[in-house]
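Everything below concerns the one structure shown next.
The values are calculated or read from the model by the stated rules, or taken from the named source; none is laboratory data. All of these numbers come straight from a predicted model, not from anything done at the bench. So basically every Cβ, Gly included, is an ideal-geometry build from the backbone, and we count neighbours across all protein chains shown. Note: accessible area is taken over every heavy atom of the protein model, side chains too, but ligands, DNA and RNA are not part of it. Shrake-Rupley method; radii C 1.70, N 1.55, O 1.52, S 1.80 Å.
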Amino acid sequence: MQLEEYQELASRTLVKLDEKLDLCHMVMGIFAESSELIEAIRKEDTVNISEELADKMWFIANYCTIRGYKLSDTYDNSQIYFIDLDDTVNEIDYYTSLLTDLVKKYIAYNKPIDRGLEQLYLTRINGSILSIFLKLNIDFFKSLENNINKLRIRF
């Protein structure tokens, strides 16, 4: 499964309410998966790590859909690096926090989202996610496919 196909299939399960509410849902979702990811890492459960990272990808893919980006445009191989699992999770959360702040200012103050910063943050988040997949030798695209299959059952 390629990123474009994943994004299209993920968008089929997106509940569309209102752009601001939807963006809030997506950034909150990226964060919300962190506790489960951390727990999976503590247990060294690579199957669950894969699932939690793929869940994050669902939120990111739909964020990109809402904002009119191709998910593949938020990937840059030069952003793939690895420190250790905990630091990489912290990187994901750090850039998710910055992305959330852009969305918060858009919702609360009607401030336009800086597309350059937004794309940078998405690229950094995705680079960190992909680096965990690579470090743990987990098949990234198979995880995305499993995520879509799980969603087909639920929706």
Q: Tell me which residues, restricted to segment 1-49, are open to solvent by less than 40 Å² (accessible area, probe 1.4 Å) and not in a helix (DSSP H, G or I).
A: T13, L14
Q. Does L98 meet the test of being buried (at least 19 other Cβ atoms within 10 Å of the Cβ) and at pLDDT 95 or above?
A. no
Q.
Checking the conditions here, which among D76, D86 is modelled with pLDDT under 95, among the acidic types (D, E) and open to solvent by 70 Å² or more (accessible area, probe 1.4 Å)?
A. D86
Q.
Based on this model, can you work out whether L122 counts as out of contact with any Asp or Glu (no Cβ under 7 Å at 6 or more places or on another chain) and either free of Cβ contacts under 8 Å to residues at least 24 places away in the same chain or part of a loop (DSSP other than H, G, I, E, B) (or both)?
A. no
Q: Taking only segment 101-123 into account, find how many residues are more than 16 Å from F59 (Cα to Cα), of a type in the set (D, E, K, R) and surrounded by 14 or more Cβ atoms within 10 Å (Cβ to Cβ).
A: 2
Q: Write out, first by first residue and then by second, each pair whose Cβ atoms fall under 6 Å of each other, whose residues are 6+ apart or on separate chains, and whose first residue, in segment 142-155, is farther than 18 Å from T46 by Cα while the second is hydroxyl-bearing (S, T, Y).
A: L151/T13; F155/T13
